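Following: one structure in structure tokens, then a few remarks.
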Amino acid sequence: MLGLSSGIVYPAVLGESFTNAGYGVLDGTNDYVSIADADNLTPNNSGADRGFSISMWVYYKNTSNPARGEVLVSKHGAFSLGAYRYEYKIRSGYDQKPFMQVYGNDDINISQTFKLDLVPSHSTWYHLVWCWNLGTGTGDWKAFVNGEKQTHGDGATHSSAGTWAAVTNTPNTFLIGLDTPGTSNYSNINVDEYAVFDDNVSDDDVASLYNDGDSGDASQIDHIISYWKFEEGSGTSVADEIGSNTATLVNGATFGTY
């Protein structure tokens, strides 16, 4: 797909050949991607205790501080039944370093965070994967940047708050490019090949997903829940290649072509 080098901080920019036709385009103004009623995208919704993983390709477009505040995934912050609800999010903060944070028992004070050391460059596609075996320790998380494994103390940092309890299903919508419903924290990014797994995906499977920068077929990986390829090219719907979690392009989000 993308012809990237395996470097973490300074990977090569886009190559010339692609096997994917398209991707999703978010302009950072007011558009985003929404997957409503996606109960099966809650970690361990199956009860099988295999783990939880999310894989994606992301292209940061801002030239100054390209990743600052950009939201890659959000399933938290909705207001329902008199309270805000929390499951997980993948975004970056002021330091630009992308992280995944999961919340225990729908409580903002109970969390685990796995943050990459990566400070992304602009105008560069990245393949990012977070994998969690549902445990609470530093060794229970791993991530991958362009196929290279990141663990606590070696490319990433794990932290936690509160006494851990399992993530619980909430009314939150699964969002790409928007942090919290009703806010204006939109992301200026391009997105492609998003996949969610009911499993702590193996290192070999991540290598297949990255496919030396050519984007492997996520549908071939066991325990996949949903897979959005962003290949439609027009319209406002993005098909879930695996299940029924159809995505919607909101407020002018559109498709780009390679």
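The values are calculated or read from the model by the stated rules, or taken from the named source; none is laboratory data. Given the structure is predicted, the values throughout are model-derived calculations rather than measurements. We place every Cβ from the backbone using ideal geometry, glycine too, and count neighbours over all the protein chains shown. For the accessible areas, the whole protein counts, side chains as well, though only heavy atoms, and no ligand, DNA or RNA atoms are used. Shrake-Rupley method; radii C 1.70, N 1.55, O 1.52, S 1.80 Å.
What to note about this one:
- The Asp107 and Ser234 beta-carbon pair, evaluated with R₀ = 45 Å, returns a calculated FRET efficiency of approximately 0.60.
- For segment 159-248, the Cβ-based charge dipole about the Cα centre amounts to some 600 debye (Lys, Arg positive; Asp, Glu negative; other atoms uncharged).
- Here the calculated FRET efficiency for His122 and Thr163, from their Cβ-Cβ distance with R0 = 45 Å, stands at 0.70, rounded to the nearest 0.05.
- Counted residue by residue at 0.36 nm each, then reduced by the alpha carbon distance between them, the extension gain from Ser202 to Asn45 reaches 54.6 nm.
- Residues whose amide H comes within less than 5 Å of that of Ile242, counting only those at least five positions distant or on another chain, are Tyr227 (H built at 1.01 Å from N in the peptide plane).
- Taking 0.36 nm per residue of separation and subtracting the current Cα-Cα distance, fully stretching the chain between Asn65 and Glu241 would add 60.0 nm.
- Above 29 Å, the calculated P(r) of segment 36-186 contains 12 percent of its Cα-Cα pairs.
- With every protein chain in place, segment 11-168: carbon and sulfur % of accessible area (1.4 Å): 45 percent
- Spatially close lysines, pair count over segment 31-137: Cα under 15 Å, gap of eight or more or interchain: 4
- Charged side chains reduced to their Cβ positions (Lys and Arg at +1, Asp and Glu at -1) give the chain a dipole of some 820 debye around its Cα centre.
- Read-out Cα extents along the principal axes in Å, derived from the coordinates shown; its label in [x] 54, 40, 32; [y] 48, 39, 37; [z] 48, 44, 40: [y]
- From phi via Karplus (6.51, -1.76, 1.60), per-residue ³J(HN,Hα) for segment 161-178 in Hz, x at Gly/Pro: 9, x, 8, 4, 9, 4, 5, 10, 5, 10, x, 4, 7, 7, 10, 10, x, 9
- Neighbour net charge for Ser244 - beta-carbon separation under 13 angstrom, K R +1, D E -1: -4
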